[in-house]
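Here, each number is a calculation from the coordinates, and none is a lab measurement. Predicted model only: the values in this text are computed from it and were never measured. Cβ coordinates were reconstructed from backbone atoms using ideal geometry, including for glycine residues, and neighbour counts include every protein chain displayed.
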Amino acid sequence: MALGFWGVGLPLGLFGILFCETTAQRLTVLALASVFLVVGALIGKAKR
Amino acid sequence: MKLAVVDWLFIGWYLVLSIAIGLYYSKRAGKSISEYFLSGRSLPWWLLGTSMVATSFSSDTPLAVTGIVVKDGVAGNWLWWNFMLGGALTVLFFAHLWRRAEVVTEVEFIAIRYSGRPARFLRGFKALYLGIPVSCITFGWVTLAMVRIIQTVFGTSGVAALAICLGLTIFYTTLSGLWGVVATDMLLFGVAMAGSIILSVVSVEKAGGIGALVDAVKAAGAATGKDYLSVIPPLGRALPLAFFIAVFVQWWAVYYPGAEPGGGGWSAQRMLAAKDPRHAVKGTLWFTVANYVIRPWPWILTALAAIVVFPGLTGAAPGEMEAAYPRMIGFLPKGLAGIIIASLFAAFMSTIESIVNLSGSFLLNDFYRPFIKKDASEKHYVAVSRVLVLIISLLGAGFSYVLGSVKMGWQLVMELSAGIGLVLLLRWYWWRVNAWSEIAALGASAVTAITLKLVPDNPVVRGLGRTLERAGFAVDAWGVKILLIVAVTTVAWMAATFLTKPDDEAKLLAFYRKVRPGGAWGPIAKLNGRSYKLQAAPFAGWALAVVMIFFLLFGLGRIIFRDWGPGAAYLAAGGLAAFGLSRIIAKMDWEGQ
């Protein structure tokens with residue numbers, strides 16, 4: 001499950017950098033990507 | 001709309017991840033029925049709560065909210081916000097009892113609570129009714145909504161992609177049981193929410209930014225005579241009956257899938273799968289907060305932006321109002337469009353997988369096992385469960401082709417059980433409720449609903465309507481119908497309760513000892529030699545939960561519209577209520593020892 005969150009968060013962040021057209025879009029997508037990465041880390045930690 | 005290669009890459013990658021997570025759990029799910037349908041009763045609160053909210057977030061939910069906001073403004077959402085009152089009730093009064101009951105399904109509750117042939121009939125009937133027609137109609141409705149979204153975005157070319165997505169979802173759900181469902185739900189909910197947030201940001205930008213959006217929506221409201229931004233409906237000189245029913249009746253009386261009075265369906269399945277009663281309570285609370293506070297605002301913003309971006313939308317047909325949501329996807333840049341499409345697939349998949357797993361549990365646990373093959377091995381039951389889940393999936397997919405009648409069937413299912421909520425609540429807290437009470441409630445609700453469908457304009461309806469008008473209500477046909485169904489159903493089941501014998505003492509005593517519910521259990525508590533009391537804390541907790549959710553919901557809205565002062569005050573009030581509620585939840589003895 002943790003890998004799933006990282007698997008979505010990383011491309012989301014990459015897409016945010018590459019394809020967003022405005023600052024608001026870029027900030028939103030990067031914030032969401034970091035939420036995915038943090039949740040993935042928390043799940044990974046909980047499993048350990 | 002034509003997607004770029006990067007969009008398809010993201011969609012494909014997301015599907016691979018979801019299926020991999022689902023399949024990872026297939027071995028674990030195959031061990032026993034408890035593992036297949038209840039994840040071995042080991043779910044922590046955050047997993048079960050997220051799975052509940054992912055399931056209730058279907059692909060057509062954003063479209064429905066868009067239609068509501070475009071037609072009646074933000075306040076139109078009271079149509080479903082009222083269920084929050086019932087949700088908070090489930091958190092404080094029922095979630096822990098479900099977990100203590102330790103049944104496999106909502107329907108099996110009948111077997112531990114009621115006795116005799118009426119109980120056997122009721123269990124078999126509900127297993128088949130909820131397992132086949134209700135599940136197939138829900139499956140068909142959700143799939144149809146997704147087909148419409150795909151056709152709005154791509155034309156007919158996207159339907160093949162949807163068929164692949166549906167096939168893969170059924171494949172991993174059949175193999176992995178509830179383990180796969182809840183694990184993928186975590187990711188699906190995240191992707192679905194991310195998509196709706198990104199779309200709302202792009203939509204607001206398209207409308208000129210939040211300030212311009214607010215001004216334009218106010219101007220549109222001045223032209224149509226509506227306040228689209230208000231969270232309270234226009235009360236005027238007469239109180240709208242629909243609003244009165246939403247706030248005071250609907251949430252405890254109407255059985256709505258996903259918001260059943262006292263919990264039921266997929267929400268009960270997840271409470272039953274919790275690690276312990278406390279996790280069931282906390283998970284259900286997380287679901288209620290996520291469902292009513294976190295989900296709605298991105299959809300509402302997109303809907304308000306659609307009013308500005310598509311002039312004339314407020315006077316359009318209902319279907320066109322709803323289609324404004326997928327139409328907004330056309331404004332997304334390359335790369336982000338794929339994320340939004342994946343988010344709609346995620347919402348669709350999370351609902352479908354839960355529907356088929358749940359219906360399989362009813363058919364296996366409450367029909368096949370008690371009535372067809374009693375003492376088989378766990379491996380046999382898991383194999384049969386997989387076959388049943390597959391059959392229900394195929395039936396549901398078939399139902400998707402019956403377009404108009406599916407909608408009619410769905411409305412009928414809703415209306416047939418419109419008045420049964422009270423008996424579902426009281427069966428936990430009043431010893432005298434028996435199987436006949438539920439049978440009478442189901443029968444009376446169905447008969448009244450069908451009669452009102454066949455003869456909608458009759459002397460009783462007209463008389464009640466006039467009385468309500470004299471009492472100061474702005475009357476509408478739907479409100480009168482719901483009040484009549486609830487009144488007739490309540491009289492019928494109360495009469496049936498008092499005209500029939502109570503259940504066997506041994507059965508009631510076993511239930512009382514196992515579930516420890518408190519409430520009106522006088523004679524049984526005496527037999528038990530010990531009485532379990534209904535404490536004051538859940539009542540205070542319910543009030544705090546309601547205050548918390550409303551203040552957080554409306555405070556978030558104020559902040560989004562840059563109404564900083566009131567927004568901060570609302571959020572602070574919501575935070576205070578949350579603190580009080582957390583103290584109550586931490587101190588309560590959810591085991592009931």
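Here, region B:28-70 is characterised by an Rg to Rh ratio of 1.25, where Rg is the alpha-carbon radius of gyration and Rh the Kirkwood radius.
In percent, what relative contact order does region B:417-503 have, based on Cα pairs under 8 Å that are 6 or more apart in sequence? Across region B:417-503, relative contact order equals 50 percent.
Using θ = phi - 60° in the Karplus curve 6.51 cos²θ - 1.76 cosθ + 1.60, the 3J(HN,Hα) couplings for region A:2-18 round to 4, 4, x, 5, 5, x, 8, x, 5, x, 4, x, 4, 5, x, 6, 7 Hz; x is entered for Gly and Pro. The distance separating the Cα centre of region B:225-287 from that of region B:117-159 comes to 21 Å. For chain B, the calculated P(r), taken from all Cα-Cα distances in 20 Å bins from zero up to the bin holding the longest distance, is 20, 55, 24, 1 percent.
Computed over all pairs of different Cα atoms, the Kirkwood value for the hydrodynamic radius of region B:456-593 is 20.0 Å. In this entry, region B:188-267 is assigned a mean projected area of 8.2 nm², taken as a quarter of its C-alpha convex hull surface. Close amide H partners of B:S400, meaning residues 5 or more places away or on another chain with modelled amide H under 5 Å apart, do not exist here. Contact order, relative form, for region A:2-47: 55 percent (alpha carbon pairs under 8 Å, 6 or more residues apart, mean separation divided by residue count). Cα-Cα pairs above 25 Å in region B:150-290: how many percent? The share of Cα pairs beyond 25 Å in region B:150-290 comes to 59 percent.
Cα extents for region B:330-476 along the principal axes, largest to smallest and rounded to whole angstrom: 58, 58, 32. In plain terms, if you count all Cα to Cα distances in region A:2-47 and split them into 10 Å steps from zero, the share in each step is 33, 45, 18, 4 percent. Computed from the alpha carbon positions, the gyration tensor of region B:417-503 leads to an equivalent ellipsoid with semi-axes of 28, 13, 10 Å, biggest first. Between B:G208, B:T224, B:A194, the Cα set farthest toward the positive side of the dipole of region B:163-241 (charges on each charged residue's Cβ, about the Cα centre) is that of B:T224. For region B:312-341 and region B:24-90, what is the centre-to-centre distance using only Cα atoms, to the nearest Å? Answer, in whole Å: 24. Taking the centroid of alpha carbons for each part, region B:459-536 and chain A are 49 Å apart. Pairs from the table (B:K31/B:K373; B:K31/B:K507; B:K226/B:K453; B:K507/B:K587; B:K275/B:K501) lying more than 27 angstrom apart at Cα are B:K31/B:K507; B:K226/B:K453; B:K507/B:K587; B:K275/B:K501. What the phi angles of region B:557-567 give under the Karplus curve with 6.51, -1.76 and 1.60, with θ = phi - 60°, is a coupling list of x, 4, 5, 4, 8, 6, 9, 4, x, x, x Hz, glycine and proline written as x.
Its alpha carbons give the protein assembly as shown an Rg and a Dmax of 24.2, 72 Å. Rounded to the nearest 20, the Cβ-based charge dipole of chain B about its Cα centre (Lys and Arg +1, Asp and Glu -1) stands at 1260 debye. Shown in residue order for region B:271-280 are the 3J(HN,Hα) couplings computed by the Karplus curve 6.51 cos²θ - 1.76 cosθ + 1.60 at θ = phi - 60°: 5, 5, 8, 5, 4, 7, x, 5, 5, 4 Hz (x for Gly and Pro). Positive-end ranking of B:G519, B:L285, B:Y25 along the dipole of chain B, with charges on Cβ about the Cα centre, is headed by B:G519.
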